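Read-outs: derived from the displayed coordinates by stated rules, not from any lab. The model shown is predicted, which means the values in this text are computed figures rather than measured ones. Positions of Cβ are backbone-derived with ideal geometry, glycine not excepted, and every protein chain shown enters the neighbour counts.
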Ligand SMILES: [Zn+2]
């Protein structure tokens with residue numbers, strides 16, 4: 001099947017090839033009829049090449065690409081005038097679980113999780129993917145899913161049979177038996193213990209094998225649990241769960257295949273090991289000390305804060321088992337100070353939300369929370385556009401509004417610098433040159 005949605009299907013190494021495929025398709029189409037030229041106009045534009053918001057926004061799009069930014073609309077273009085609005089690059093979320101959704105009733109959610117067939121669960125994922133795209137998020141990095149559901153969903157989106165953002169996926173997160181990514185402590189005769197295929201490993205070679213299996217079946221990125229987590233019942237939240245040798249094996253294998261490594265990590269000691277092993281980002285980071293944040297800055301390791309989930313889980317704590325509620329409160333109590341210190345130190349910060357813990361489609365709330373904790377609105381916007389694109393290794397194609405880049409574009413009401421929460425209500429969403437949301441009157 002020929003498709004216009006090929007980006008990311010083959011992972012980082014193949015991303016450049018995948019990105020060029022639509023251009024070939026276009027030149028074939030052009031011999032029949034050239035794609036329509038669309039000019040998006042708005043009072044303001046934040047192109048994410050720097051921190052400045054400019055007035056008189058204009059982006060001209062043809063097919064899947066941006067033709068020009070600024071100037072005036074070419075003759076014959078279909079002009080969409082959005083009025084008092086801001087044009088921005090499509091938003092990126094570097095931390096989603098788009099195939100799952102934590103339920104209000106935690107225990108019922110666990111029951112559904114184990115009873116639903118993978119094919120059934122992916123249909124839920126398709127609904128969540130559509131909601132995410134409609135919220136203005138044109139790219140997500142999905143960091144953890146069961147049964148290769150994220151690979152399945154990504155492939156279906158790329159084939160044009162499901163609607164959703166560009167997905168870079170990790171398949172199973174990799175962690176230790178009994179750790180954050182292992183199943184609940186079901187008796188082993190009831191639920192069969194998992195192994196490297198499901199991302200559960202002990203010892204460097206066993207963990208290397210786990211990485212190879214995820215990549216074999218389509219992982220674009222590798223996710224590990226360096227420390228314990230909040231939403232798992234049997235482990236302390238902050239202790240290391242992989243050894244330095246295990247993480248080194250994981251990182252060397254992933255990097256050899258040009259895959260980046262995202263480390264789920266709340267604890268400081270675990271973060272030290274993960275940074276030494278060479279991971280590309282630390283996710284959550286609740287208990288990181290200033291010294292560790294300085295080390296991240298020196299090594300160019302990104303922080304992915306998932307702030308909206310920290311606040312969501314704190315709000316919902318009473319609905320979780322007591323052990324989880326206690327961990328949620330401890331992590332939330334530490335996270336705000338860590339975040340402020342990270343800004344002060346100058347750690348590179350890439351926006352990520354942990355969507356799936358909170359309801360899908362609310363991702364845009366993350367921008368405002370960064371501003372609440374001390375980022376400028378422009379910094380917050382860059383974290384969810386240009387800087388996320390860099391972390392994901394796709395900055396040549398997305399993340400800014402520039403001629404030649406993929407036409408992933410969002411328009412939000414008013415001046416986004418004076419009202420950052422406008423990111424929660426996009427007026428228009430364009431993905432791969434196609435308008436997927438256009439609110440009445442825009
Ligand atoms: Zn997560």
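Packing, taken as the mean count of other beta carbons within 10 Å per residue, orders the peptides 292-304, 167-179 from highest to lowest as 167-179, 292-304. All distinct Cα pairs of the range 119-195 go into the 1/r average, and the inverse of that average, the Kirkwood radius, is 13.7 Å. Translational diffusion of the chain, estimated by Stokes-Einstein from the Kirkwood radius over alpha carbon pairs at 10 °C in a medium of 1.306 mPa s, is 73 µm² per second.
Measuring how big the range 171-250 is from its alpha-carbon positions, Rg and Dmax come out at 12.0, 34 Å. Applying 0.36 nm per residue to the separation of residue 289 and residue 396 and subtracting their alpha-carbon distance, the gain on full extension is 35.2 nm. At full extension, residue 418 and residue 243 could sit 58.4 nm farther apart than now, given 0.36 nm per residue minus the alpha carbon distance.
Remark: C-alpha extents of the range 358-442 on the principal axes read 35, 34, 27 Å, sorted largest to smallest. A Förster radius of 51 Å combined with the Cβ-Cβ distance from residue 103 to residue 78 puts the calculated FRET efficiency at roughly 0.75. Across the range 224-372, counting alpha-carbon atoms alone, Rg and Dmax equal 14.7, 44 Å. Note on the chain: with a GNM built from Cα contacts shorter than 10 Å, the maximum mean-square fluctuation among 381, 273, 87 falls on 273.
The packing ranking, built from the mean of other Cβ atoms within 10 Å per residue, places the peptides 115-123, 345-353 in the order 345-353, 115-123, highest first. Each DSSP beta bridge with both residues in the chain is either parallel or antiparallel, and the antiparallel ones are about 45%.
Using the Cβ-Cβ distance between residue 51 and residue 189 with R0 set to 45 Å, the FRET efficiency from 1/(1 + (r/R0)^6) comes to roughly 0.15. Length gained on full extension, residue 269 to residue 33: 79.0 nm, using 0.36 nm per residue less the C-alpha separation. Using a Gaussian network model of the chain in which every pair of alpha carbons under 10 angstrom is joined by a spring, one finds that among 214, 62, 241 the greatest mean-square fluctuation is at 62.
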